[in-house]
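Engineer: Next up is a structure, given as structure tokens.
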Amino acid sequence: MLGRLPKVDEAGQQVSVMGFMPKAWLLLAAVVVAAGFEQAVLALLPVYGTHYSIAEASMSALLSTMIAGNIAMQVPLGLLAERLTARLVRFLCVSLTVLGCVLLPLLIETPLIWPCVFIWGAVSYGIYTMSIIELGERFTGSALVAGNAAFSLMWGVGGILVPPLTGGVMDITGASGLPATLGAICAALAVATVLRRRVM
């Protein structure tokens, strides 16, 4: 196990946080999306539920179910990444998160919303988990250290920017602004992933 730990002694090859960003901009974008999605849902899903006259207790239970999916499924997603690749599993997570945004208004008043938000919670956070795995696979030494710092920075950026953006859209368009905004952001990440793959 110790032999697999990355070396960080790279004299003359130090990588700064800003220097790291162009090296893995898609990974950092995925972190922004994952963080923004999580914070926006935690803050605004109860507001979304009031549009459908759903009791606060039920919305709290839905959030708990979503968080449970997040917690329960990261290890299985990690095992899947070992069989496939972290990049492919991240793309699947992004795609399923978009699907969850589409299904939310259709299922919110049905019993199917419970398994939906469980899976939604798993795959939406799985975007970040897969990004962390790919970071460790692609980088070592000071680049890995800088990457971890950049991930923390981008998590903060996503958490600060996306919830107000989503709330602003909801003010203009109503409750539909929640799944529409989050779905659009995730769809943009999915498109960027496909385009990056074709370029490579």
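The values are calculated or read from the model by the stated rules, or taken from the named source; none is laboratory data. Note that the structure is predicted; figures quoted are calculated from it, not measured. Note that we place each Cβ from the backbone using ideal geometry, even for glycine, and neighbour counts take in every protein chain shown. Surface areas here come from the heavy atoms of the whole protein model, side chains and all, with no ligands, DNA or RNA. Shrake-Rupley method; radii C 1.70, N 1.55, O 1.52, S 1.80 Å.
Engineer: Take residue 122 and decide whether it is touching a residue at least 12 places away in the same chain (Cβ under 8 Å), touching a Gly at 6+ places or on another chain (Cβ under 7 Å), part of a helix (DSSP H, G or I) and open to solvent by less than 30 Å² (accessible area, probe 1.4 Å).
Structural biologist: Numbers: touching a residue at least 12 places away in the same chain (Cβ under 8 Å): yes; touching a Gly at 6+ places or on another chain (Cβ under 7 Å): yes; part of a helix (DSSP H, G or I): yes; open to solvent by less than 30 Å² (accessible area, probe 1.4 Å): yes.
When the stated conditions are applied, residue 122 passes them.
Engineer: If you don't mind, another one. Taking into account only those residues within the range 1-45 that are at pLDDT below 80 and touching a Phe, Trp or Tyr at 6+ places or on another chain (Cβ under 9 Å), which is least open to solvent (accessible area, probe 1.4 Å)?
Structural biologist: Checked the range 1-45; the qualifying residue least open to solvent (accessible area, probe 1.4 Å) is 15.
Engineer: On to the next question. Conditions: (1) in contact (Cβ under 8 Å) with a residue 12 or more places away in the chain; (2) within 25 Å of residue 73 (Cα to Cα); (3) of a type outside the set (Phe, Trp, Tyr). Residue 196 meets all but one. Number of the miss?
Structural biologist: (2)
Engineer: Scanning the range 133-152 for residues that are closer than 23 Å to residue 88 by Cβ and among the β-branched types (Val, Ile, Thr), which turns out modelled with the highest pLDDT?
Structural biologist: From the range 133-152, those closer than 23 Å to residue 88 by Cβ are 133-140, 143-144, 147-148, 150-151; that's our starting set.
Still in the list and also among the β-branched types (Val, Ile, Thr): 133, 140.
Details: 133: 92, 140: 86.
So the residue we want is 133.
Engineer: What are the residue pairs meeting all of these: first residue in the range 157-175, first residue within 27 Å of residue 106 (Cα to Cα), second residue among the hydroxyl-bearing types (Ser, Thr, Tyr) and in a helix (DSSP H, G or I), Cβ atoms under 7 Å, and 6 or more apart or on different chains?
Structural biologist: 165/181; 166/181; 169/181; 175/48
Engineer: Also, quick follow-up: Residues in the range 130-146: is at least one out of contact with any His (no Cβ under 8 Å at 6 or more places or on another chain), assigned to a helix (DSSP H, G or I), without any contact (Cβ under 8 Å) to a residue 40 or more places away in the chain and loosely packed, with under 15 Cβ neighbours inside 10 Å?
Structural biologist: In the first step, residues of the range 130-146 are kept if they are out of contact with any His (no Cβ under 8 Å at 6 or more places or on another chain); the result is 130-146.
Checking which are assigned to a helix (DSSP H, G or I) leaves us with 130-138, 141-146.
After this cut, where a residue has to be without any contact (Cβ under 8 Å) to a residue 40 or more places away in the chain as well, the list is 132.
Then keep just the ones that are loosely packed, with under 15 Cβ neighbours inside 10 Å; that gives none.
Looking through the range 130-146, none of the residues is out of contact with any His (no Cβ under 8 Å at 6 or more places or on another chain), assigned to a helix (DSSP H, G or I), without any contact (Cβ under 8 Å) to a residue 40 or more places away in the chain and loosely packed, with under 15 Cβ neighbours inside 10 Å.
Engineer: Here is a further query. Take the conditions at pLDDT below 95, surrounded by 21 or more Cβ atoms within 10 Å (Cβ to Cβ) and assigned to a helix (DSSP H, G or I) and apply them to residue 62. Does it pass? Give the steps one after another, and end with the answer.
Structural biologist: Working: at pLDDT below 95: yes; surrounded by 21 or more Cβ atoms within 10 Å (Cβ to Cβ): yes; assigned to a helix (DSSP H, G or I): yes.
Considered against the rule, which asks whether it is at pLDDT below 95, surrounded by 21 or more Cβ atoms within 10 Å (Cβ to Cβ) and assigned to a helix (DSSP H, G or I), residue 62 comes out as yes.
Engineer: Then there is this: Of all residues in the range 82-109, which are among the β-branched types (Val, Ile, Thr) and open to solvent by less than 50 Å² (accessible area, probe 1.4 Å)?
Structural biologist: Going through the range 82-109, the residues among the β-branched types (Val, Ile, Thr) turn out to be 85, 89, 94, 97-98, 102, 108.
Result: 89, 94, 97, 98, 108.
Engineer: Assuming residue 57 fulfils every condition listed in (1) in a helix (DSSP H, G or I); (2) open to solvent by 60 Å² or more (accessible area, probe 1.4 Å); (3) in contact (Cβ under 8 Å) with a residue 40 or more places away in the chain apart from one, which condition is it?
Structural biologist: Among (1) in a helix (DSSP H, G or I); (2) open to solvent by 60 Å² or more (accessible area, probe 1.4 Å); (3) in contact (Cβ under 8 Å) with a residue 40 or more places away in the chain, residue 57 violates only (3).
Engineer: Within the range 66-81, count every residue that is exposed (fewer than 15 other Cβ atoms within 10 Å of the Cβ) and under 18 Å from residue 47 (Cα atoms).
Structural biologist: We begin by selecting, within the range 66-81, every residue exposed (fewer than 15 other Cβ atoms within 10 Å of the Cβ); these are 68, 71-72, 75-76, 79.
With the extra rule that they be under 18 Å from residue 47 (Cα atoms), the set shrinks to none.
The total comes to 0.
Engineer: Just to check your reading of the model, which residue among 181, 193 is open to solvent by 10 Å² or more (accessible area, probe 1.4 Å), at pLDDT 95 or above, in contact with a helix residue (DSSP H, G or I) (Cβ under 9 Å, 6 or more places away or on another chain) and not basic (Lys, Arg)? Walk me through it before giving the result.
Structural biologist: Details: 193 fails: at pLDDT 95 or above.
So the residue among 181, 193 that is open to solvent by 10 Å² or more (accessible area, probe 1.4 Å), at pLDDT 95 or above, in contact with a helix residue (DSSP H, G or I) (Cβ under 9 Å, 6 or more places away or on another chain) and not basic (Lys, Arg) is 181.
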